[in-house]
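K.L.:
What follows is a single structure, and I will ask about it in a moment.
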Amino acid sequence: MTNLLDVYFRETKAGVLGRLDDGMLTFTYDSAYLAEQRSRAISFSMPLQEEPFGDQVVRPFFSGLLPDEGARQRLAGALGLSVGNAFGLLEVIGGECAGALSLYPEGTAPEASSDSDIEILSPEQLDEILSRLRTRPLLGGEDGIRLSLAGAQDKLAVIVNGASIALARDGRPTTHILKPFIQVLEGTVENEYFCMRLAGRLKLPVPRVEMRLGGATAFLLVERYDRTKTVDGKIERLHQEDFCQALSVPPELKYEAEGGPGTERSLALIDQACARPVADRLQFIRMLVFHYLVGNADAHGKNYALLYGSDTPDLAPIYDVVCTAVYPRLSKRLAMKIGGRDVPDTIQLKHWVTLVPDTKAAQRILVRDLAQMAERIVHEADALIAELADEGIKHPILSAIRKVISSRAGSLQRITEQVT
Ligand SMILES: Nc1ncnc2c1ncn2[C@@H]1O[C@H](COP(=O)(O)OP(=O)(O)OP(=O)(O)O)[C@@H](O)[C@H]1O
Ligand SMILES: [Mg+2]
């Protein structure tokens with residue numbers, strides 16, 4: 001027996017995800033999709049071809065669309081499914097995913113969206129939903145809600161229009177990711193809000209973020225970079241996949257220490273996949289430096305992505321940036337090592353230069369960039385803290401983050417001064 005889910009790339013059926021009797025997953029492109037000239041591969045790991053792909057490639061990609069760790073466990077528990085049953089979970093929640101794919105039970109083509117698929121939430125309804133997310137991640141299995149996003153934290157994909165926030169039913173595309181505060185970690189919303197805006201100040205490509213209040217608690221709204229709006233207001237999907245999906249690394253092994261991608265494999269992926277590898281290598285290195293400076297140890301292979309604006313992707317904007325160094329209960333070890341080092345305080349210039357080709361010119365540019373970012377980030381952090389205070393956003397976590405930044409920036413300046 002095979003169970004089948006139809007896999008749509010935007011509005012076109014791209015192929016079929018199958019689960020065999022032994023639980024193995026397969027993916028086969030649809031022949032009509034293969035015949036169509038404009039059709040795109042659903043993943044760097046699954047080029048267009050007639051032969052089916054096997055579990056080793058298919059599972060990391062499709063399982064990678066689902067929530068991770070505790071969120072997956074809670075979701076599976078709420079739905080009465082096993083954590084390892086990626087197929088079953090996608091059957092229930094795989095309508096609106098990261099990127100351009102939607103999954104539907106075989107033969108049930110997605111219907112054209114209508115306004116009845118949208119439910120604008122009152123403040124009370126939003127409040128109630130935020131409190132329910134913990135036991136029902138992504139509201140999985142509720143009344144027509146079919147949303148899937150990776151990550152270990154609670155979240156919801158929503159449609160934001162000015163002040164209004166709406167739920168999307170039946171896999172209708174959304175515009176924003178809503179991230180509520182994390183109960184056991186103080187000030188995560190302010191933390192992520194600050195870090196994302198700081199990234200923008202350092203000229204890194206970063207989605208727009210907003211902080212709002214739901215009852216007494218704050219939440220974050222992150223604009224989706226994998227959605228665009230047409231002139232008539234229709235939301236369209238852009239495809240994306242994270243580095244783990246592109247490299248066939250299962251989400252449970254996303255950290256380099258477990259076998260997940262490190263900087264070398266990530267840079268090689270950029271070289272092979274991206275339309276502008278030279279620019280994107282540089283951008284990726286700047287992201288690594290930013291994560292280091294801001295004290296984010298959690299930038300693993302599912303927190304970098306390829307974004308398919310056309311046939312060949314670009315590096316997606318930076319996302320999921322939180323200063324984890326301010327939370328004693330979180331690991332201090334970097335998700336991706338720099339030159340083999342994952343203890344931030346031990347990283348020297350010789351470790352940073354492993355990120356660039358072994359030439360004097362490349363190393364000189366890197367050292368200049370490191371020094372400039374280290375210098376700028378401290379001023380920008382101060383300016384941003386003042387700006388947030390003007391907006392009424394004050395939280396003790398911000399000065400704790402500021403301390404981490406000035407200490408990291410100080411170290412980086414010291415090691416770069418040795419050669420300049
Ligand atoms: N602005 C965005 N636009 C489009 N997709 C996004 C955006 N931000 C995040 N994503 C997608 O949503 C997923 C979950 O988001 P995010 O990484 O912020 O969640 P998280 O639960 O904090 O993750 P982690 O487990 O790494 O802490 C990402 O892996 C990425 O695929
Ligand atoms: Mg993440």
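Values quoted throughout were computed directly from the atomic coordinates according to the rules given, and no laboratory measurement underlies them. Here the structure is a predicted model, which means the values were calculated and not measured. For neighbour counting, all protein chains shown are included, and Cβ atoms are generated from backbone atoms with ideal geometry for every residue, glycine included.
K.L.:
Need the failing condition index for Leu147 against (1) crowded, with 21+ Cβ neighbours inside 10 Å; (2) at positive phi, just the number.
P.N.:
(2)
K.L.:
Which of the residues spanning region 61-74 are in contact with a helix residue (DSSP H, G or I) (Cβ under 8 Å, 6 or more places away or on another chain) and away from ligand 2 (no atom under 16 Å from the Cβ)?
P.N.:
Phe61, Phe62, Arg74
K.L.:
Now, a different point. Would you please name the residue that is nearest to the chain's Cα centre (by Cα), looking only at residues in region 305-329 that are more than 9 Å from ligand 1 (Cβ to nearest atom) and of a type in the set (Phe, Trp, Tyr)?
P.N.:
Result: Tyr308.
K.L.:
Here's something else I'd like to know. When you scan region 1-49 for strands (runs of 3 or more DSSP E) that lie fully inside it, which ones turn up with 1 or more residues that are free of Cβ contacts under 8 Å to residues at least 40 places away in the same chain and surrounded by fewer than 21 Cβ atoms within 10 Å (Cβ to Cβ)? Explain how you work it out, then say what you get.
P.N.:
Working: elements: 3-9, 12-19, 25-29.
It comes to 12-19, 25-29.
K.L.:
Kindly indicate whether any position in region 69-80 is part of a loop (DSSP other than H, G, I, E, B) and either among the acidic types (Asp, Glu) or in contact (Cβ under 8 Å) with a residue 12 or more places away in the chain (or both).
P.N.:
No, the conditions are met nowhere in region 69-80.
K.L.:
Applying the selection to region 304-349, what residues are outside any loop (DSSP other than H, G, I, E, B) and either more than 21 Å from Ala268 (Cβ to Cβ) or within 16 Å of ligand 2 (Cβ to nearest atom) (or both)?
P.N.:
Hits for region 304-349 are Ala305, Leu306, Leu307, Leu315, Thr324, Ala325, Val326, Pro344, Asp345, Thr346, Leu349.
K.L.:
Is it fair to say Lys203 is among the charged types (D, E, K, R) and surrounded by fewer than 21 Cβ atoms within 10 Å (Cβ to Cβ)?
P.N.:
yes
K.L.:
Now for a separate question. Please go through region 209-235 and pick out each residue that is within 11 Å of ligand 1 (Cβ to nearest atom) and either more than 22 Å from Gly392 (Cα to Cα) or part of a loop (DSSP other than H, G, I, E, B) (or both). Steps first, please.
P.N.:
Pass one, region 209-235, residues within 11 Å of ligand 1 (Cβ to nearest atom): 209, 220-227.
Arg224, Tyr225, Asp226, Arg227 - these are the residues of region 209-235 that are within 11 Å of ligand 1 (Cβ to nearest atom) and either more than 22 Å from Gly392 (Cα to Cα) or part of a loop (DSSP other than H, G, I, E, B) (or both).
K.L.:
What is the number of the single condition among (1) surrounded by fewer than 23 Cβ atoms within 10 Å (Cβ to Cβ); (2) over 23 Å from Glu11 (Cβ atoms) that Pro67 does not meet?
P.N.:
Looking at each condition in turn, Pro67 falls short on (1).
K.L.:
Right, another one. I'd like to check something: does region 72-88 contain any residue that is of a type in the set (Val, Ile, Thr) and surrounded by fewer than 23 Cβ atoms within 10 Å (Cβ to Cβ)?
P.N.:
Scanning region 72-88 turns up at least one residue that is of a type in the set (Val, Ile, Thr) and surrounded by fewer than 23 Cβ atoms within 10 Å (Cβ to Cβ).
K.L.:
If you go through region 252-272, how many residues are within 16 Å of ligand 1 (Cβ to nearest atom), assigned to a helix (DSSP H, G or I) and within 21 Å of Tyr308 (Cα to Cα)?
P.N.:
Number satisfying all stated conditions: 2.
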